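To keep things clear, I will list the structure first and then write my remarks on it.
The values are calculated or read from the model by the stated rules, or taken from the named source; none is laboratory data. All figures in this text were calculated on a predicted structure; none of them were measured in a lab. No Cβ is skipped: glycine too gets one built from the backbone with ideal geometry, and neighbour counts run over all protein chains shown.
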Amino acid sequence: MAARCGGWPRLCWLLALAALAGLGAEAKNSEDVRCKCICPPYKDHSGQIYNKNVSQKDCDCLHVVEPMPVPGPDVEAYCLRCECKYEERSSVTIKVTIIIYLSILGLLLLYMVYLTLVEPILKRRLFGHSQLIQSDEDIGDHQPFANAHDVLARSRSRANVLNKVEYAQQRWKLQVQEQRKSVFDRHVVLS
Amino acid sequence: MESEQLFHRGYYRNSYNSITSASSDEELLDGAGVIMDFQTSEDDNLLDGDASIGTHYTMTNGGSINSSTHLLDLLDEPIPGVGTYDDFHTIDWVREKCKDRERHRRINSKKKESAWEMTKSLYDAWSGWLVVTLTGLASGALAGLIDIAADWMTDLKEGICLSALWFNHEQCCWGSNETTFEERDKCPQWKTWAELIIGQAEGPGSYIMNYIMYIFWALSFAFLAVSLVKVFAPYACGSGIPEIKTILSGFIIRGYLGKWTLMIKTITLVLAVASGLSLGKEGPLVHVACCCGNIFSYLFPKYSTNEAKKREVLSAASAAGVSVAFGAPIGGVLFSLEEVSYYFPLKTLWRSFFAALVAAFVLRSINPFGNSRLVLFYVEYHTPWYLFELLPFILLGVFGGLWGAFFIRANIAWCRRRKSTKFGKYPVLEVIIVAAITAVIAFPNPYTRLNTSELIKELFTDCGPLESSSLCDYRNDMNASKIVDDIPDRPAGTGVYSAIWQLCLALIFKIIMTVFTFGIKVPSGLFIPSMAIGAIAGRIVGIAVEQLAYYHHDWFIFKEWCEVGADCITPGLYAMVGAAACLGGVTRMTVSLVVIVFELTGGLEYIVPLMAAVMTSKWVGDAFGREGIYEAHIRLNGYPFLDAKEEFTHTTLAADVMRPRRSDPPLAVLTQDNMTVEDIENLINETSYNGFPVIMSKESQRLVGFALRRDLTIAIESARKKQEGIVGSSRVCFAQHTPSLPAESPRPLKLRSILDMSPFTVTDHTPMEIVVDIFRKLGLRQCLVTHNGIVLGIITKKNILEHLEQLKQHVEPLAPPWHYNKKRYPPSYGPDGKPRPRLNNVQLKPIAEEREEMEEEVHLLNSTTL
């Protein structure tokens, strides 16, 4: 299916995220509640938005709208038109989510750059020119993992943990290559 | 019919284990084999067979499962890999269900033995609920992640929150007191790019700077998305629903629901949505949820080893996906039932319900939008609607149906072009171009510059006194003394007229761009753009009707309800109805769609308008072509999907559909006891069929069972490795008792355990209607055709699909089938370059040949003229 390297950390942070959802709801930052009152234009007063950090039971026009723009007798009429909404959010959840997202995106980008740019150069150094010409011929060097087949064949002969990881990685690369062929070249699926 | 057949299969599988325990019934069966020859009348044999079946069954029930006393039969243990499927193959639902029942029986019978076994059986019983719980949790969490990240990245195109980089625009100004009634989203913490780069907030310079930055971000997001998809997981592109539908109907696409696909789809979905392309996240969320379901099902042997059971989890997962995508748990369950699922027993219904519940709960507790709702465009109205409004609603339905038909035609034509011409070779370039065009055109128009979800929200929202957008710029000549929530119809102000112009342009833009966007190689859903188109059209119609009612309130239809100063038309409601109609036109969903929209809005009283619009749009759409966009894509890609909704009305017979055809070469069957390992290997190498019927002998040609190619290969390979004395010249024996062999011959290889002894058979005169029904309802993979007990041919799912296609062909040309480009099996040439001899093929009379699903049939089909 996919290389093991990506799998478990992902599951872990999935669960962490679920846990965080509960946690974020509890550890409520004091900035994370607001009572927002929108008051439409009234007589010669223009519309106004009031925003205050109060508890839910105090979330009404009389507590939030300060200073009251209209004189005493009009307060009731003015307040009837205002709509007050109590809202809460969890800034911790947002922060953590964005950080998690950006770090995964960053890692993926680094890995992508490594696979597409750095690895071919390394290979060029390691295996010299003859191979390079070969791989240029068949699929082209710009295709990442172009010579996964070779490496797969080579790594099968040796066997220790590192090679197993490499083997799994190569297997994954082969699968992706196969997928890429069926989606982009042959247009068998997902066109 | 179903239960009987299933039952027989189940018993046979059970009996594999007990097969070697010598008993009277085996002699009976054997006897049948011995007397079996041409002279025996068919009826006698049938009777014999029946008798043996009966006794066998009681045997198995009598608990002989563990009584295998035969020493040498290594095949009593299941060979790893037997019963699995290759990539791009169809599963056999019947076989999988039997396997599960057998497993269930085994666990049940062991349950009483020890506390450990008891725990294991409890774990097994609960694993279904556990796996849907985990799936729900994961899809809820992922949906939260996608929502938050996509909102943030969308706003990144405009500017950034300097005080807290991780906040989007709205969250940035959350606690700010500087927002005003007119400009609600302005606050000093939020800096646009122009402010940051050139230090100006207003003026043409800042506009151009913002424009450039908008295009820059849109392009870079789109480029990142498509390159990530291309490098790591090509399967992550598209909406995924057509493929999931196919997978749920029993197709195998390896890696389609894997970890990398999940990760890349999640990550790139955010990028794609943020890049401002005309796409939504709802369809891909279903795919994401299904990936979660698939990954979690690997934790439970009950689901990881059984493809049919896994599909039950996937059905539940797709419900969870829609549940979080729209915040509509019930709608999700119905969506799974109506649109994606193929096999949906009640148990799955409850599990889907539960998964949808868990997912919605998790998403709600993450609260991604800060509005305590699951979706951004949740609205709540309670204004009534009037009977005469049904007319515009139905008109909106007609528009939705027309849009659906147009979209399906245009999009399929475009996708076919991408599939068949060179233009499909440049996916990255295509995405970049589409993104560039979208960004360049979208920025000047405020309604297209908005995130599509926000646009829908704005269109859905009714113009209360609290709104200040230009859509709500009505001339207010009443003196304001009334209570808020009863605003009468008012004449439109200049703001409304300019908004309508912008909306019209936005509508055209969306219609064109969506056609070209759906199908590019980034995760792209269809729901949101369709809804946006419908909402725009609906809002325009709504405003038009409102103005009509205001200026002509003396018309007889308006007279009764729309007096001066009465509030009778709600344009937001029209937007909602239009959205439902367009979505219905594209997907051809009905019940689930109405429930989804109803759950979005929470207004029970709008069910009738929604139903009227959705039904009309389905009728209008169906008039132009019966299939929805997902079926159309399935057909375009040529997936083997047997639609349960279509009716088969032709009068062909099984004999007309079965393979081989008269002109085809003689074919491959196995005999039950006089082939050698080498013969079988040769047969496998030189043919590409996926299965071989097993017959009694060359002379009698009576059916014994059916052996799958993959199982044969695996079994022979493992026997060669593990069992001693298996060489090329070993006899392969599918019968119960090995025939007497010369003393010096090598040990025979027993393969009875991989033989399916209860293959489905129909006679050659069975009408195709019945055969198609059997295939649909039981989910068969293949079915043998017999005549007087003699094997004549085979019908596979693919043959049926091709037959249906053939009957339909004069209407529309056939898409190149998916197996055109499939991995080929080894060539049918020997190592010396000569064609391998087909020694062991039984030469039946010309009509009685065997063929299995494979490429050749395509050529045959193409050359057939109708």
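Details
- The listed residues are B:Glu546, B:Glu599, and the only one of them that is of a type in the set (Asp, Glu), closer than 26 Å to B:Ser352 by Cα and either crowded, with 20+ Cβ neighbours inside 10 Å or modelled with pLDDT of 85 or more (or both) turns out to be B:Glu599.
For every residue, the table says whether it meets (1) at pLDDT 90 or above; (2) surrounded by 21 or more Cβ atoms within 10 Å (Cβ to Cβ); (3) of a type in the set (A, V, I, L, M, F, W, C).
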| site | (1), (2), (3) |
| --- | --- |
| B:Ile148 | yes, yes, yes |
| B:Ala164 | no, no, yes |
| B:Gln200 | no, no, no |
| B:Pro204 | no, no, no |
| B:Ala218 | yes, yes, yes |
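- Residue in region A:37-68 that is farthest from B:Ser176 (Cα to Cα), counting only those that are part of a helix (DSSP H, G or I) and touching a helix residue (DSSP H, G or I) at 6+ places or on another chain (Cβ under 7 Å): A:Leu62
- Filter result (in a loop (DSSP other than H, G, I, E, B), charged (D, E, K, R), in contact (Cβ under 8 Å) with a residue 40 or more places away in the chain and not assigned by the TED database to the domain that holds B:Gly534) within region B:610-669: B:Glu646, B:Arg661, B:Arg662, B:Asp664
- The set of residues in region A:44-57 being facing chain B (nearest Cβ under 7 Å) and out of contact with any strand residue (DSSP E or B) (no Cβ under 9 Å at 6 or more places or on another chain) consists of A:Ser46 alone.
- Residue within region B:414-434 that is away from every other protein chain (no Cβ under 13 Å), within 29 Å of B:Val608 (Cα to Cα) and in contact (Cβ under 8 Å) with a residue 24 or more places away in the chain present: no
- The lone criterion from (1) in a helix (DSSP H, G or I); (2) of a type outside the set (A, V, I, L, M, F, W, C); (3) within 14 Å of chain A (Cβ to nearest Cβ) left unmet by B:Arg409 is number (3).
- Boolean, B:Pro234 is surrounded by 22 or more Cβ atoms within 10 Å (Cβ to Cβ), facing chain A (nearest Cβ under 7 Å) and under 30 Å from B:Asp92 (Cβ atoms): yes
- Here B:Ala320 fits the description: in a helix (DSSP H, G or I) and under 16 Å from the mean Cα position of the chain (by Cα).
- Taken together, A:Pro9, A:Pro69 contain a single residue that is more than 8 Å from chain B (Cβ to nearest Cβ), over 30 Å from B:Trp260 (Cα atoms) and at pLDDT below 80, which is A:Pro69.
- Of everything in region A:84-99 that is at the interface with chain B (Cβ under 7 Å from one of its Cβ atoms) and either in contact (Cβ under 8 Å) with a residue 24 or more places away in the chain or of a type in the set (Ser, Thr, Tyr) (or both), the residue that is farthest from B:Leu156 (Cα to Cα) is A:Glu87.
- Screening A:Gln143 on (1) more than 10 Å from every other protein chain (Cβ to nearest Cβ); (2) at pLDDT below 55; (3) within 31 Å of the chain's Cα centre (by Cα) shows it passes everything except condition (1).
- Complete set of residues in region B:299-330 that are free of Cβ contacts under 8 Å to residues at least 40 places away in the same chain and over 29 Å from B:Lys777 (Cβ atoms): none
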